[in-house]
Amino acid sequence: MGPSSSDQNTLQHLSTDLSNRVTELVAQLKKDGSKLPTHGATSTFQLPEFKSQNPEIQKSRYAILDSLMELQRIILGPFEYIKTLLNHSHQQPLDIGALRAVVNLNIQHAVPKEESISFSDLARETKIDEDLLTRILRYSVSIGIFSESPVGYVRHTATSKALTEEALANVVKWCADIQVQSDLRLYEAMDPSRPSSAIPKVPFNIAYDTPLGMWDYHAKDKHLEALFSANVATEFGSAEMSPEHLTMGYSWDKLGSGTVIDVGGSSGHVSKAIARLYPNLHFIVQDLPDTIDRVKSDIPTDLNGRLTFQGHDFFTPQDTAADAYFFRYILHNWAEDDVVRIIQNLKPRLENGSTLLVNEYVSNADAATASMEDKIYRERDVQMFALLNSKERTVEDYQRIVARAEPGFKFCGITTAPGHGMVLLEWVYSE
């Protein structure tokens, strides 16, 4: 008889398992030719935040974090663990508040990259009250942002130095306002006793007291729209979101010399990557007219004649015929009724053999767990509700929604790529 789960969740077992997992990760990093990460200010290497293209490294990192969290729960015990959750819930807004202050006041840029600076000199340079600046920075030190060495002097850690990169700073600015404020309104959106009003029962709308959805709200504020675009660009620039994964699994060549419409395809970076590997295919990138006006001239010379841009709102009937209609990271942004409308709008151009391709994260229909991997998915799912009144969906959800929108679509299956969280779902239409 093997050990029970309670035997495996002992301090001794978990500590041994944690040590073994760390040893395994170090060996994998060395084999991969990677440096070992540190938190020092001189560190130039960092693991790519669960976006490693090496699935074994990704798996080891999740396992280490799972062991760490389970050790914390056991060492604290149920009572103290619950108190810690409450305390951390109290502290997290303060963590975010300190981070938001640092980034919006550009304190990270005022601290020399390789040297320390006194709190008094930093206060003079930033024109911030010295006592308050010192207190906020000392709190930041407690969460790993900056270090104090020697006493009275602040210097960078790897984390604070990363904030000097504009892309990350913009992510912080958007997340600390829009995302966090929306997340904090989950209760109000769920409260069945909340009276009806012009404000939808969506956390984002409640937080910003607006009847506008997030997309329309952003469109009215160019600065906010730019910050959101920077946030999206950072996510799309990760290895996990790389279009290369789409070229490794699905057999695009079965579309022959057909035309693919990349619906909501923005700058067309995904279509460009696929087109270069499948020279017989033609791509039309559709997005809202304002977006297309910004990107339509960006057609690489090697794709002339095979890549075009076209203004189109997918909430209106499709007016261009194609062999395949491709939605990448689009449908999860919308509530189910909206997704049904989007798919139904393809109807005017559907013919026998028309292909529908949907590229999204999909959830495991199994029971939720306390693992880091599952937590990241659940976090993404709840945030879709908080921001957009949408959700992350299972394969079965997508099958049901597409069948509801257009019964003529027959589900063909899914394609995945190793180490990649997103899948490609395929349907073929027949009358």
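The values are calculated or read from the model by the stated rules, or taken from the named source; none is laboratory data. Keep in mind it's a predicted model, so treat the numbers as computed, not measured. Note that we place each Cβ from the backbone using ideal geometry, even for glycine, and neighbour counts take in every protein chain shown.
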key: Any chance ASP337 is closer than 30 Å to GLU56 by Cβ and in a helix (DSSP H, G or I)   = no
task = Would you be able to tell me the number of residues in segment 126-143 that are loosely packed, with under 13 Cβ neighbours inside 10 Å and touching a residue at least 12 places away in the same chain (Cβ under 8 Å)?
result = 0
Failed criterion for ILE376 (all others in (1) modelled with pLDDT under 90; (2) of a type in the set (Val, Ile, Thr); (3) more than 22 Å from TYR187 (Cα to Cα) hold) = (3)
request  = Return only the number of the condition from (1) in a loop (DSSP other than H, G, I, E, B); (2) farther than 20 Å from TRP334 by Cα; (3) of a type in the set (A, V, I, L, M, F, W, C) that ALA230 does not satisfy.
outcome  = (1)
ask   = Taking segment 23-81 as the search range and keeping residues that are modelled with pLDDT of 65 or more and within 20 Å of LEU163 (Cβ to Cβ), which one is farthest from the chain's Cα centre (by Cα)?
value = THR38
key: Residue count, segment 399-421 (criterion: within 20 Å of the chain's Cα centre (by Cα) and crowded, with 17+ Cβ neighbours inside 10 Å)   = 4
ask   = Can you name the residue in segment 96-114 that is in contact with a His (Cβ under 9 Å, 6 or more places away or on another chain) and modelled with pLDDT under 95 and, of all such residues, is nearest to ALA176 (Cα to Cα)?
value = LYS113
note = Selection from segment 274-314 of residues outside any loop (DSSP other than H, G, I, E, B) and surrounded by fewer than 17 Cβ atoms within 10 Å (Cβ to Cβ) yields ARG276, LEU277, PRO289, ASP290, ASP293, ARG294, VAL295, THR301, ASP302, GLN310, GLY311
task = Inspect segment 324-331 for any residue being modelled with pLDDT of 95 or more and exposed (fewer than 15 other Cβ atoms within 10 Å of the Cβ) and give the result as yes or no.
result = no
